[in-house]
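Student: One structure, as structure tokens, below. Some questions next.
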Amino acid sequence: MSVLLTSGGNTSITEHRPGLHRLRVGLGWKFPDDREPFDLDASALLVQANGQVRGDGDFIFYNHPADAAGSVRYGGDSLDGAGEGDDEVITIDLERVPAEIAKVIVCVTIHEAAGHHFGHVGDAYIRLQNLDDGEEIVRFDLDQNFTGMTAMLFGEVYRHNGTWKFRALGMGFEGGLRTLISSFGVAVQ
């Protein structure tokens with residue numbers, strides 16, 4: 001049975017599922033009928049306890065689809081959010097996440113925003129599934145209006161007292177990808 005969260009809510013994802021090691025993080029969104037679709041891009045940041053990445057290799061996205069340990073993988077780019085189901089997917093192998101990584105933050109940004117913002121996006125969500133059996137574990141629907149925001153933190157998978165948990169974030173950034181990743185220590189070229 002899936003847990004439904006609201007912004008700021010959290011839940012354990014491994015405490016009652018001792019065999020859970022691999023997650024499928026599905027992200028989705030829709031565009032209103034009166035708006036031409038534009039490209040949204042999922043990404044992930046592997047962050048230490050100090051809130052910073054170890055280096056640029058801890059930023060996983062379409063041009064760098066996996067970390068060195070192979071613990072987090074980017075599943076490909078949907079250019080228009082069309083169709084049913086998840087628009088983009090990130091997988092996390094919890095057993096392979098390096099010990100110094102405290103959390104994996106899942107983000108979505110607008111590619112070349114050019115006047116677009118998350119106020120133009122509807123029905124955005126993040127959901128976690130057991131990659132091995134497809135069971136949906138948790139879901140967070142971003143139901144707020146994020147007018148002006150061009151980058152979003154959807155949620156984070158984090159370590160807590162020997163288990164893994166998920167926190168629903170729903171936090172927006174102005175300034176797009178550059179602003180978001182630099183705040184976590186990724187060197188912006």
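The values are calculated or read from the model by the stated rules, or taken from the named source; none is laboratory data. On a predicted model such as this, the values are computed, not experimentally measured, just so you know. FYI the Cβ positions are ideal-geometry reconstructions off the backbone, even for glycines, and counts take in every protein chain you see. Surface areas here come from the heavy atoms of the whole protein model, side chains and all, with no ligands, DNA or RNA. Shrake-Rupley method; radii C 1.70, N 1.55, O 1.52, S 1.80 Å.
Student: Determine the gain in length on full extension of the stretch Ala68-Arg178; use 0.36 nm per residue of separation and subtract their C-alpha separation, reporting nm with one decimal.
Tutor: 37.4 nm
Student: Which whole-Hz couplings ³J(HN,Hα) result when phi for each residue of region 172-181 is put into the Karplus expression 6.51 cos²θ - 1.76 cosθ + 1.60, θ = phi - 60°, listed in order with x for Gly and Pro?
Tutor: The phi angles translate into x, 10, 8, x, x, 4, 4, 5, 4, 5 Hz.
Student: To the nearest Å, what is the center-to-center distance of region 128-166 and region 1-15, using C-alpha atoms only?
Tutor: Between the Cα centres of region 128-166 and region 1-15 lies a distance of 8 Å.
Student: Would you work out which of Ala99, Gly51, Val3 lies farthest towards the positive end of the dipole of region 1-125? Charges go on Cβ: Lys and Arg +1, Asp and Glu -1.
Tutor: Ala99
Student: State the antiparallel share, in %, of DSSP beta bridges confined to the chain, rounding to the nearest 5.
Tutor: 95
Student: Right, next: Over the Cα atoms of region 44-140, Rg to Rh with Kirkwood Rh, two decimal places?
Tutor: 0.97
Student: Here is a further query. Around Ser71, which amide H atoms from residues at least 5 apart in sequence, or from another chain, sit under 5 Å from its own amide H, with H modelled in the peptide plane?
Tutor: So Ser71 has HN proximity to no qualifying residue.
Student: Next up: Quick check on region 8-75: take the gyration tensor over C-alpha atoms, sort the square-rooted eigenvalues as a ≥ b ≥ c, and tell me if it's rounded (a/c under 1.5), prolate or oblate.
Tutor: oblate
Student: Show me the three semi-axes of the equivalent ellipsoid for the chain, from the C-alpha gyration tensor (sqrt of 5 times each eigenvalue), largest first, rounded to whole Å. Each step should come with its number before you reach the end.
Tutor: On the way: eigenvalues 121, 76, 43 Å².
One finds semi-axes of 25, 20, 15 Å for the chain.
Student: Right, here's the next one. So with the 1.4 Å probe, I'd like the accessible area per residue for region 79-152, rounded to whole Å².
Tutor: On a per-residue basis, region 79-152 sits at 44 Å².
Student: Remind me, relative contact order of the chain in percent, using alpha carbon pairs under 8 angstrom and six or more residues apart?
Tutor: Relative CO of the chain lands at 30 percent.
Student: I'd like the carbon and sulfur percentage of the solvent accessible area for region 1-138, probe radius 1.4 Å, heavy atoms only, ligands and nucleic acids excluded.
Tutor: It is 47 percent, rounded to a whole number.
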